[in-house]
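Please treat every number below as a calculation from the coordinates, not as lab data. All values reported here derive from a predicted model rather than from experimental measurement. Note that we place each Cβ from the backbone using ideal geometry, even for glycine, and neighbour counts take in every protein chain shown.
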Amino acid sequence: MRYLLDVNALIAYGFRRHDFHDQVGAWIRSRKGDRFLTCSITELGFVRVLGNVRTYGMDVAHAKSLLQELKAWKALPLEFITDGNDISVLPAWVKSPAQATDGHLLQLASANGAVLATLDEGIPGAYLIP
């Protein structure tokens, strides 16, 4: 199985002090043989959120470095997928601006033979990480 990690799952996996780090890490380790993906949106979200010095104690350069290390980790490297989807494939259930990125990531995962993996219960069709 291929899983596109959404922003919250990627942050939880990569940031050891995140409340859900252990949960996401345990789930990923339990999925032997599965592949885990990132994309431009999830990578930029990772850097945008964690690169906030006041909240997370790191700047953009540190957040970028952390993500690059995570992607290169030999035990479980993250694979990058390109994004060829435009606004025309946004799901019909997207009704608010807050749902737009979720809908886009869901369709991007599907277009790449993957499932969107998230900690967010509000994304129809996504896999909720237990």
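Is it true that THR82 is loosely packed, with under 12 Cβ neighbours inside 10 Å, under 25 Å from GLY125 (Cβ atoms), within 14 Å of the chain's Cα centre (by Cα) and touching a residue at least 24 places away in the same chain (Cβ under 8 Å)?
yes
Could you list, ordered by first residue, the pairs with Cβ atoms under 7 Å in which the first is in the stretch 94-111 and in contact (Cβ under 8 Å) with a residue 40 or more places away in the chain and among the hydrophobic types (A, V, I, L, M, F, W, C) and the second is in a loop (DSSP other than H, G, I, E, B) and surrounded by fewer than 21 Cβ atoms within 10 Å (Cβ to Cβ), at least 6 apart or interchain?
Filtered contacts from the stretch 94-111: LEU108/ASP83; LEU108/ASN85.
Within the stretch 85-113, can you find the residues that are hydroxyl-bearing (Ser, Thr, Tyr) and surrounded by 12 or more Cβ atoms within 10 Å (Cβ to Cβ)?
Within the stretch 85-113, THR101, SER110 meet the criteria.
Would you mind finding the one in LEU128, LEU116 that is buried (at least 18 other Cβ atoms within 10 Å of the Cβ) and in contact with a strand residue (DSSP E or B) (Cβ under 8 Å, 6 or more places away or on another chain)?
LEU116
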